[in-house]
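> Below are the structure tokens for one structure; questions will follow.
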Amino acid sequence: METTAVSSVIFLIVIAAVAFFVLKRVVKMAIRATIVALILLIAIVGGVSLWMFGGADKTSDNRSAPVRKVR
């Protein structure tokens, strides 16, 4: 689950960088920085929540019992 958290954070950082450069000529620096900061905040909160709460609980492993052949 850690790889999902890390990959989602990296993905959202790339989206923030793309948004920063796409909005370069359209809006002023303060608005652009606010949009990028919001995207990065979502990335950090999402990554931390996936890392903390998304891991599989080892005690709830529902493996089937081995089956013995009966004659």
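> It is to be established whether one or more residues within segment 34-53 are surrounded by 13 or more Cβ atoms within 10 Å (Cβ to Cβ) and either in contact with a Cys (Cβ under 8 Å, 6 or more places away or on another chain) or among the basic types (Lys, Arg) (or both).
No, because not a single residue in segment 34-53 is surrounded by 13 or more Cβ atoms within 10 Å (Cβ to Cβ) and either in contact with a Cys (Cβ under 8 Å, 6 or more places away or on another chain) or among the basic types (Lys, Arg) (or both).
> Next question, about the same structure. Exactly one condition in (1) at pLDDT 80 or above; (2) loosely packed, with under 11 Cβ neighbours inside 10 Å is not met by ASP57; state its number.
Against the list (1) at pLDDT 80 or above; (2) loosely packed, with under 11 Cβ neighbours inside 10 Å, ASP57 comes up short only on (1).
> Going by the conditions given, is VAL67 modelled with pLDDT under 80, assigned to a loop (DSSP other than H, G, I, E, B) and surrounded by 12 or more Cβ atoms within 10 Å (Cβ to Cβ)?
No: the conditions fail for VAL67.
> Only residues that are surrounded by 12 or more Cβ atoms within 10 Å (Cβ to Cβ) and either of a type in the set (Gly, Ala, Ser) or touching a residue at least 24 places away in the same chain (Cβ under 8 Å) (or both): list them for segment 12-33, please.
LEU12, ILE13, ILE15, ALA16, ALA17, ALA19, ALA33, listed by residue number.
The values are calculated or read from the model by the stated rules, or taken from the named source; none is laboratory data. The structure displayed is predicted, hence computed values, not measured ones. Please note: Cβ atoms are built from the backbone with ideal geometry, for glycine as well, and neighbour counts cover all protein chains shown.
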